[in-house]
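Visitor: Got a structure for you, written out below as structure tokens; questions coming shortly.
The values are calculated or read from the model by the stated rules, or taken from the named source; none is laboratory data. Please read these numbers as outputs of a predicted model, since none were measured by experiment. Virtual Cβ from ideal backbone geometry, glycine too; neighbours counted across all protein chains shown.
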Amino acid sequence: MQHTVLVTGANRGVGLALAEQYHKAGWRVIGACRESSDDLQVVADKVIDRIDVTQADSVATLAKALDGETLDLLINNAGLLQDESLGSLDFDSIRTQMEINAYAPLRVCEALLPHLKSGSKIANITSRMGSIADNDSGGRYGYRASKAALNAFGKSLAMDLKPQGIAVAQLHPGYVKTRMVNFGGVISPEEAAAGIVARIDALTLDNTGGFWHSNGEELPW
């Protein structure tokens, strides 16, 4: 029986690499994004574009487009990184990152719950920058806070969904060569995606709620 995965922000970067990995593995791939790409069209069985995960009506459109679909895996990948420094804080920027990085995955999870079943999994693509214990350099107020909030949401989701047989993980892809960091990372999107897939494969109800690096390292909260 063919498994189905839905990836948000699937048109490029880590999201596209994840879509490609699951396509190669024989999964049915559904890509959700604001704007599709030629590369995504090649690997996705279904593309749902013009989706703004920060907007309730748009997420409702996504859920409606999945009518009749059951998801074995939901990957909340869409994200935004912006920079703020103390003394010149941009609270609109911080608010936008909270909307995209934290509130949107929670909104998507709740809206798509009817499409999940016992044995399904949710992977929230977070960042080790959301770790409070690991913060030894400061800055990045919006990104750090939004990813910390996502980690908290993911942990609560794991506890609430465990009785339904649904496991949840918070996964840091690593420092990846994507547009988000002006391609200044140290690993490729393909390497990051391979690690994420391995962590998802290892996710069970026994370890649900954890926070891991794609290389398998368990990260501190």
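Visitor: Regarding residue 103, is this residue over 26 Å from residue 166 (Cα atoms), of a type outside the set (A, V, I, L, M) and outside any loop (DSSP other than H, G, I, E, B)?
Guide: no
Visitor: Further question: Where residues in the range 57-79 are in a loop (DSSP other than H, G, I, E, B) and free of Cβ contacts under 8 Å to residues at least 60 places away in the same chain, which of them is surrounded by the most Cβ atoms within 10 Å (Cβ to Cβ)? Even if it seems obvious, please write down each step before you answer.
Guide: Of all residues in the range 57-79, those in a loop (DSSP other than H, G, I, E, B) come to 66-70, 77-79.
Those still in the list that are free of Cβ contacts under 8 Å to residues at least 60 places away in the same chain too: 67-68.
Numbers: 67: 8, 68: 5.
Step by step, filter the range 57-79, then rank; the result is 67.
Visitor: Would you confirm whether any residue within the range 14-27 is modelled with pLDDT of 95 or more and in contact with a Lys or Arg (Cβ under 9 Å, 6 or more places away or on another chain)?
Guide: Taking every residue of the range 14-27 in turn, at least one turns out to be modelled with pLDDT of 95 or more and in contact with a Lys or Arg (Cβ under 9 Å, 6 or more places away or on another chain).
Visitor: Out of 102, 123, 111, which single residue is under 11 Å from the mean Cα position of the chain (by Cα) and within 22 Å of residue 57 (Cβ to Cβ)?
Guide: The unique qualifying residue is 102.
Visitor: Taking residue 74, is it of a type in the set (A, V, I, L, M, F, W, C) and either touching a Leu at 6+ places or on another chain (Cβ under 8 Å) or at pLDDT 95 or above (or both)?
Guide: yes
Visitor: While we're here: Just a yes or no: is a residue in the range 85-97 surrounded by 22 or more Cβ atoms within 10 Å (Cβ to Cβ) and in contact (Cβ under 8 Å) with a residue 40 or more places away in the chain?
Guide: Within the range 85-97, one or more residues are surrounded by 22 or more Cβ atoms within 10 Å (Cβ to Cβ) and in contact (Cβ under 8 Å) with a residue 40 or more places away in the chain.
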